[in-house]
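Take a look at the structure below.
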Amino acid sequence: MDSHKLIYHPERVAAWRNGENIYPICIEISPSGNCNHRCIFCGLDYLEYKPVFLDKDLIVDNLKQMKEKGLKSVVIAGEGEPLLNKHTSFIINRAREFNIDVAMSSNGVLFDRQFAVECLKALTWVRFSINAGNDKNHQLIHKSRPGDFHKTLENIKNAVDIKKKHNLKTTIGVQLVLLPQNVNDVIGFAKQLKELKVDYFTVKPYSQHPKSNVKIDNESINYDQFLFLEEQLNLIANQEFKIIFRSESMKRKKERKCYDRCLGHPFWAYIDANAKVWACIAYIGDPEFFLGSLKHNSFVELWEGKERDNFLNKMKVMDVRKCRELCRLDEINKYLHELTYSGEHVNFI
């Protein structure tokens, strides 16, 4: 999770290096603009949780075309809770029928047994975002309803049972954003998840979205004081239950980017709940990163269109060293920067 997977796609990287207009390997899709929680660290709060839902037929038609152009995977997540869209299961299963790998991120409250039966077989992985270890703290951090924490754990238990019953390969994990408000929950929560028999538990640092209105003081969180948790968590982990404590990301928060241009954007894209295509998740709502709407043009038309040409020209001169820290494309950009500016003596293996 603190690396990248472009090394497994050398043909696409080679095409990019040759100046070809490559298509994304992965896209993120947001079925819902609304959310049933109001997490205190939410980076997309500035979008105001609008009750907009992605049209199932529109996105499915585009996914089929995108697969033909080289799309390999889709992450169902986005600016809201995906399961608020009643057609999310349809989107997942249709994408899988096109031989696209599909994954999903959810807060888990609506991931009930029926949904698990319908979709778990089509999901490569599902990651539950749970940022507290008890119902009281869950209400504080997620701004959730009483009982949502216990409902989510029950849903996870059902998903694990269904996975085992049908011998599915779906990876089931939980992710927690480490905050001063939940640091005392981490160890106990890890033990709960181990009992539930999920595949992994990830603990990652908070990163301030540049447009977010959240009240957390990003600069005041010193992750050095939380690094002791890694050793304790390693004592809980075993071969069946992995724990990924993202200490490298926590340390990188203090580092200055080693690159000044974003080179990774062609490998990824974002489609919001209103069927708008964005070149970067950190700039949703910024006209300069808007590639167009699927309501008016297909993804293929947008990817090869004028707006994207304008965006590509902008990225040639945009200094990204002041962009969001721990950007999703950070490790990809390091790799591509090294390939592009490799220096001398590269032929001496």
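The values are calculated or read from the model by the stated rules, or taken from the named source; none is laboratory data. None of these values were measured; they are calculated from a predicted model. Here the Cβ is made from the backbone with ideal geometry for all residues, glycine too, and neighbour counts use every protein chain on show. These area figures cover heavy atoms from the full protein model, side chains too; ligands, DNA and RNA do not enter into them. Shrake-Rupley method; radii C 1.70, N 1.55, O 1.52, S 1.80 Å.
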Quick calc: nm separation of the 7 Å Cα→Cβ label points for residue 211 and residue 168 -> 3.3
Which residue, chosen from 124, 76, 293, occupies the Cα position most advanced towards the positive end of the dipole of the chain, where the dipole is computed from +1 (Lys, Arg) and -1 (Asp, Glu) charges on Cβ about the Cα centre? 124
What's the Cα-based Rg to Rh of region 37-171, Rh via Kirkwood? 0.98
Please give the calculated 222 nm ellipticity per residue for the chain, where each DSSP H segment of at least 4 residues contributes -39500 (n - 2.57) and the sum is spread over every residue; nearest 500 deg cm²/dmol? -10000 deg cm²/dmol
Share of accessible surface on carbon and sulfur in the chain, whole %, 1.4 Å probe and ligands ignored, is 49
Label-point separation, residue 118 to residue 317 (7 Å along Cα→Cβ), nm: 4.9
Can you give the Kirkwood hydrodynamic radius for the chain, in Å, rounded to one decimal and based on Cα pairs? 21.2
When you take every Cα atom in region 224-349, what is the radius of gyration, and what is Dmax, the widest Cα pair distance, in Å? 19.0, 54
I'd like the FRET efficiency for residue 346 and residue 298, computed as 1/(1 + (r/R0)^6) with the beta carbon distance as r and R0 of 45 Å, rounded to 0.05. 0.70
Accessible area per residue for the chain in Å², computed with a 1.4 Å probe and the full protein assembly in place, what is it? 49
In a shell of Cβ-Cβ distance under 12 Å around residue 275, excluding residue 275 itself, what net charge do Lys and Arg (+1) and Asp and Glu (-1) give? -1
Around residue 142, what is the net charge, scoring Lys/Arg as +1 and Asp/Glu as -1 over all other residues with Cβ under 14 Å from its Cβ? 0
What residue among 304, 97, 231 has the largest mean-square fluctuation in a Gaussian network model of the chain, using Cα springs under 10 Å? 231
What pairs from 157/242; 67/257; 50/211; 5/314; 143/215; 64/295 go past 22 Å between their alpha carbons? 67/257; 5/314
Let me check I've understood the local charge: for residue 103, count other residues with C-beta under 12 angstrom from its C-beta, Lys and Arg +1, Asp and Glu -1. What total comes out? +1
Sorted by average packing, counted as other Cβ atoms within 10 angstrom per residue and highest first, what order do 240-248, 11-19 take? 240-248, 11-19
